[in-house]
Protein chains: 2
Amino acid sequence: MARNEERRARLADAAIGVLADEGARGLTHRAVDRRAEEPAGTTSNYFRSRGDLLAGVVARIGERIAPDPAAVARLRSAPPGRASYAAHLRYVVARMTASREVALAWFEMRLEAARRPEVAALMRETLVAGFEADVAYNASAGLPGGPAEIALFHYALDGLLLDRLTVSVDPATSTDAVVDALVEGLLPDA
Amino acid sequence: MARNEERRARLADAAIGVLADEGARGLTHRAVDRRAEEPAGTTSNYFRSRGDLLAGVVARIGERIAPDPAAVARLRSAPPGRASYAAHLRYVVARMTASREVALAWFEMRLEAARRPEVAALMRETLVAGFEADVAYNASAGLPGGPAEIALFHYALDGLLLDRLTVSVDPATSTDAVVDALVEGLLPDA
């Protein structure tokens, strides 16, 4: 990574930390400068407007939760079906719960979308692209589940993540067991 | 309602508005005074600490999304089963999406629980009591679904609400149709 790109990523990481710790209202260029221990004005040089900063956050979240290609290859080597789909979803949830700060920042961005039309536009673009990529992935991997089912999994896994990142109504059941139960009920037969 | 109770409820409503519009970090006693157009110090008289204010918010949210007893009686008059359970859940989701401000404040409280142990304790108590009441309701109404299934519905409906309150991945499918599909997949036979 070029030096500029490294610094840009480090500033976006600091913005993610501010979002997770202080919420969307705490996210200012100055707060990111302070958290990154950079001179005042640094973040403004890399991300001119608040919209640029939020777009930088969303792009960086995508990088930080990107799947490991070796893990994806392993998942794709199993015969496509219920068990394989459950393994895919367990891997998604595990990545998000392991990146607690990233996942909390993501929820903050979701809520900020309810307040600001420009954030709603950014998040709509990102969420719809992710959703379409999931639908295309299932089709290319021969996995069961079309758009309708994939939307149901989106809802259920978002709620599960929120439960596991904050306060759980059912902490005795493992996250993997919840994912398996959702796949059992919501995935059609191949 | 006694005059003091009315004012307390009005202040809690103002706090809900602040949470929805500005997030948890914006919630101060002064911000609530301003939103309620009360003299500085009023909110502090009714809710001494920030913990008292948050507990007041949670209690008021419970009042504002409480079901209409006549609607519950109608729901309970149908034979218990898949269709009746779906009608119950559609009513839950409709109440929350209709009270957009309340629902957004609720999500803010969920995220604040990830940051502050005292908020986590308050939300744990509230969420677990709600969950146990749901389990007891199903049993007393003869509805299918025990704790494991009710937890799955909690996750899925939380994620669905977040989707519908913010930016949706599948706006073409009605919220009621999503609830019906979840019940179809996740509810065991009676």
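The values are calculated or read from the model by the stated rules, or taken from the named source; none is laboratory data. All of these numbers come straight from a predicted model, not from anything done at the bench. Cβ placement follows ideal geometry from the backbone for every residue including glycine, while neighbour counts extend to all protein chains displayed. Surface areas here come from the heavy atoms of the whole protein model, side chains and all, with no ligands, DNA or RNA. Shrake-Rupley method; radii C 1.70, N 1.55, O 1.52, S 1.80 Å.
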Open item on the list: Within 10 Å of each Cβ in A:61-71, how many Cβ atoms from other chains are there, averaged over the peptide?
Closed with: 0
Open item on the list: How large a share of the accessible area of the range B:107-177, in percent, is made up of carbon and sulfur atoms when the probe is 1.4 Å and the other protein chains stay in place?
Closed with: 58 percent
TODO: Principal axes first, then extents: for the Cα atoms of the range A:118-179, list largest minus smallest coordinate on each axis, whole Å, largest first.
DONE: 36, 35, 15
Task: Rounded percent of accessible protein surface that carbon and sulfur make up, the range B:23-69, 1.4 Å probe - done: 49 percent
Task: the protein assembly as shown shape via C-alpha gyration tensor axes, a/c threshold 1.5 - done: oblate
Task: Rg over Rh [alpha-carbon atoms, Kirkwood Rh] for the range A:148-190 - done: 1.00
Open item on the list: Mean Kyte-Doolittle hydropathy of -1.0 or higher plus an axial Cα length of 15 Å or more: which whole DSSP H helices in chain A meet both?
Closed with: A:3-22, A:50-64, A:82-98, A:100-115, A:117-141, A:147-165, A:175-186
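Taking only C-alpha pairs under 8 Å that are 6+ residues apart, what is the relative contact order of chain B in percent? Present the calculation step by step, with values, prior to reporting the outcome.
On the way: 161 pairs, mean separation 42.1, N = 190.
RCO, chain B: 22 percent.
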Open item on the list: Using a 1.4 Å probe and counting only protein heavy atoms, how much accessible surface gets buried when A and B come together, both sides summed, in Å² to the nearest 100?
Closed with: 3700 Å²
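What's the average, rounded to a whole number, of partner chain beta-carbon atoms within 10 Å of each residue's beta-carbon in B:6-13?
Per residue, the average neighbour count from other chains is 0.
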Task: Accessible-area order (highest first, 1.4 angstrom probe) of the listed residues B:T166, B:T126 - done: B:T126, B:T166
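Calculate the dipole size of the range A:67-166 relative to its Cα centre from +1 charges on Lys and Arg beta carbons and -1 charges on Asp and Glu beta carbons; express the result in debye to the nearest 20. Please report the intermediate quantities before stating the final value.
Numbers: 11 positive and 11 negative charges, 60 e Å.
In total the dipole reaches around 280 debye.
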Open item on the list: Let's test the formula: R0 of 45 Å, r as the Cβ-Cβ distance of A:V92 and B:A40. What FRET efficiency results, to the nearest 0.05?
Closed with: 0.40
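Take B:T173, B:T43 and sort them by solvent-accessible surface of the protein heavy atoms, 1.4 Å probe, largest at the top. Mind showing how you got there, number by number?
Numbers: B:T173 50, B:T43 0 Å².
Result of the area sort, largest leading: B:T173, B:T43.
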TODO: Run the quick spin-label model on A:A141 and A:E63: label points 7 Å from Cα toward the beta carbon, then report their separation in nm to one decimal.
DONE: 2.5 nm
- [ ] Over chain B, give the accessible area per residue in Å² for a 1.4 Å probe, as an integer.
- [x] 45 Å²
Open item on the list: At a cut-off of 50 Å², which residues of the range A:22-53 become less accessible once all protein chains are present than in their chain alone, using a 1.4 Å probe?
Closed with: A:E22, A:R25
Open item on the list: Just checking the output field for B:115-124: average partner chain Cβ neighbours within 10 Å of each residue's Cβ?
Closed with: 2
Task: Three principal axis lengths of the range A:83-159 [C-alpha, angstrom, descending] - done: 38, 25, 17
TODO: Largest first and in whole Å, give the semi-axes of the range A:1-141's equivalent ellipsoid, each being the square root of 5 times a Cα gyration tensor eigenvalue.
DONE: 31, 17, 13
- [ ] Using 0.36 nm per residue of separation minus the Cα-Cα distance, give me the extension gain between B:R3 and B:E184 in nm, one decimal.
- [x] 60.4 nm
